[in-house]
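Asker: My questions will all concern the structure given below.
Here, each number is a calculation from the coordinates, and none is a lab measurement. What you see is a predicted model, and the numbers here were worked out from it, not measured in a lab. A quick note on method: Cβ atoms are made from the backbone with ideal geometry, for glycine too, and the neighbour counts reach across all protein chains shown.
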Amino acid sequence: MKQYIIVGNGIAGITAAQTIVRADPASEVHIFGAEPYPYYRRPILWEFIAGQIEQEALFFRPTAWYTERGIRLHLGVGVTALNPQAHSLTLADGSSAEYDRLLLATGGRPFIPPFEGSEKKGVYVLRTIEDAISIKEHAQGVSTAAVIGGGLLGIETARALASLNLDVSVIEFMPHLLPLQLDAEGAQALQSLLESMGMRILTGAATEAILGDELPTGVRTKDGRIVDAELVLISTGIRPRIELASEAGMDVNRGVVVDGQLRTSATDVYAAGDAAEFEGTIYGIISSAIDQARVASANMVANGSATYNGTVPTTTLKVAGAELTSMGEYVVEGDEYTQLRHTDEGTGTYRKIVLREGRIVGAILLNDKSRVAPITQLIKRGTDVSAHTNLLLNDDFDLKSLL
Ligand SMILES: Cc1cc2nc3c(=O)[nH]c(=O)nc-3n(C[C@H](O)[C@H](O)[C@H](O)COP(=O)(O)OP(=O)(O)OC[C@H]3O[C@@H](n4cnc5c(N)ncnc54)[C@H](O)[C@@H]3O)c2cc1C
């Protein structure tokens, strides 16, 4: 009977556990999770902060879900060391555990740039339920907030804080919002929408200091702009949690380096999710964590050759009823690309399609939900659409006819 151990109880960890118990029912599958909670959904922590849902609604997989599947869950148990030669782990209480196959699904932690004042009480990051509870409590007693970082997470949290009637400023270092998901034109459309909801948006703004004594009172940028903020949220990206692998002498770069089978450099050790780096990329999104966990666990069971070829990153953001989806290669440069754009300010619609060699390789769709599914399929299938390039953005052209 094989003994599988999974370190990390996030989406990568539970997806792998579920796949393993199905494929190898006679095995023993253990998950060690440092947090004291069964799996919960990070993407709806904003709704919890905004008071739209209770804490209970976050728990997507109650402990019964694990028990029913025979998955042995060890909550609040951090793994402190890995010895790949001995196939063993050291746990926080000093005991050890042995594995035949190991998955590192340790996720990421928020990155905090070295701003002056970032250690103050009232300055937060958002990754866990505990972070969300602290933010929510602090928000009750204040009227101004600043979110440093205008990425997906920053904007959604800003929106949650604004819904609590806080006066919110978003401070983005890059020249426009959502630098990873949007080009300048699309970002301008989004910025106008957020401003119309009462948020203040500062772009091209490098944070210099968080002001105040014990508690924050504001944020100052390097070019001297100051916004009031009694609550500050730092949302400037994540760093994969690689310490178990790096201290064990395994190959790490920014993340734990994996190959197409999700194997790490240590025999019988795999990695998936925000902790893993595949071909230089850390995806940091749920869909890739699921894709990777499925491939890793299939190979853990069968010593197999299931292959991961990357995930087409699709991000969907909902702001005040507007749905924004960015997928594939949507911010590109170079003669090999054709970029088609359409903006309709009246309806707040922005549509961009990126083509390479007659095939759609990326798109941005703001307020244009119906095109998301067909374009996703066209990217996945690599369909040659060159005969229809002039029609692709037309309102009445049916993209499904190309599938
Ligand atoms: C507020 C928020 C909103 C998000 N919204 C979206 C979204 O809309 N769409 C999207 O695709 N993605 C979103 N993301 C990103 C998404 O949550 C991550 O990509 C996903 O959680 C990665 O899953 P994971 O299993 O790799 O890691 P994680 O979810 O980080 O889970 C890893 C777990 O491992 C545990 N762990 C780490 N080290 C150890 C150790 N040594 N011992 C034991 N346990 C350990 C950690 O405590 C953690 O619980 C959001 C993230 C946040 C924070």
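Asker: For Ala50, what residues show an amide H to amide H distance below 5 Å, using hydrogens built from the backbone and excluding near sequence neighbours?
Answerer: Amide H to amide H, under 5 Å and 5 or more residues apart or across chains, Ala50 pairs with nothing.
Asker: For the chain, what does -39500 (n - 2.57) per DSSP helix run (n ≥ 4), summed and divided by total residues, give at 222 nm, in deg cm²/dmol to the nearest 500?
Answerer: That comes out to -7000 deg cm²/dmol.
Asker: Follow-up question, since we're still on this one. Exceeding 32 Å between C-alpha atoms, which entries from my cross-link table qualify? They are Lys222/Lys380; Lys222/Lys369; Lys2/Lys136; Lys318/Lys380.
Answerer: Over 32 Å Cα-Cα: Lys222/Lys380; Lys222/Lys369; Lys2/Lys136.
Asker: Mind checking region 232-310 for GluC sites (Glu not before Pro) that DSSP puts in a loop (not H, G, I, E or B) and that have at most 15 other Cβ atoms within 10 Å?
Answerer: Within region 232-310, the qualifying GluC sites (Glu not before Pro) (loop, at most 15 other Cβ atoms within 10 Å) are Glu279.
Asker: Which residues' amide hydrogens lie under 5 Å from the amide hydrogen of Val125, considering only partners 5 or more residues apart or on another chain, with H built in the peptide plane?
Answerer: Long-range HN contacts for Val125: Ile234.
Asker: Using each residue's phi in region 290-302, evaluate 6.51 cos²θ - 1.76 cosθ + 1.60 at θ = phi - 60° and report the 3J(HN,Hα) Karplus result to the nearest Hz, with x for Gly and Pro.
Answerer: Once rounded to whole Hz, the list reads 5, 4, 5, 5, 5, 5, 4, 5, 4, 6, 5, 6, 10.
Asker: Dipole size in debye (nearest 20) for the chain around its Cα centre, Lys and Arg Cβ +1, Asp and Glu Cβ -1?
Answerer: 720
Asker: Gaussian network model of the chain, Cα springs within a sub-10 Å range: biggest mean-square fluctuation belongs to which of Asp268, Asp344, Asp251?
Answerer: Largest GNM mean-square fluctuation: Asp344.
Asker: Next question. For Cα pairs less than 8 Å apart in space and 6+ apart in sequence, what is the mean separation divided by the residue count of the chain, i.e. the relative contact order in percent?
Answerer: 14
Asker: List the GluC sites (Glu not before Pro) within region 1-60 that fall in a DSSP loop (any state other than H, G, I, E or B) and whose Cβ has at most 11 other Cβ atoms within 10 Å.
Answerer: Glu54
Asker: Can you list the HN-Hα couplings for region 81-95, worked out from phi with the Karplus curve (6.51, -1.76, 1.60; θ = phi - 60°), rounded to whole Hz and with x for Gly and Pro?
Answerer: 7, 10, 10, x, 5, 7, 6, 9, 10, 9, 9, 4, 7, x, 6
Asker: When Thr281, Thr311 are ordered from fewest to most other Cβ atoms inside 10 Å of their Cβ, what list results?
Answerer: Thr281, Thr311
Asker: Please report the relative contact order for region 240-341, taking Cα pairs under 8 Å with a sequence separation of at least 6, and give it as a percent rounded to a whole number.
Answerer: The normalised contact order for region 240-341 reaches 18 percent.
Asker: Same structure, new question: Give me the net charge for the shell around Gly70: Cβ to Cβ below 12 angstrom, other residues only, Lys and Arg +1, Asp and Glu -1.
Answerer: 0
Asker: Enumerate the calculated ³J(HN,Hα) couplings along region 237-252 in order (Karplus 6.51 cos²θ - 1.76 cosθ + 1.60, θ = phi - 60°), each rounded to whole Hz, writing x wherever the residue is Gly or Pro.
Answerer: Values per residue, Gly and Pro as x: x, 10, 10, x, 8, 10, 4, 4, 5, 5, 5, 8, x, 7, 6, 10 Hz.
Asker: Give me the percent relative contact order of region 105-259, please, defined on Cα pairs under 8 angstrom at least 6 residues apart.
Answerer: Relative contact order here is 32 percent.
Asker: Give me the net charge of Gly117's neighbourhood, meaning all other residues with Cβ under 12 Å from the Cβ of Gly117; Lys, Arg count +1, Asp, Glu -1.
Answerer: -2
Asker: 5 Å is the cut-off here: which amide hydrogens, built 1.01 Å from N in the peptide plane, fall below it relative to Tyr37, excluding neighbours closer than 5 in sequence?
Answerer: When sequence neighbours closer than 5 places are left aside, the close amide H contacts are Gly76.
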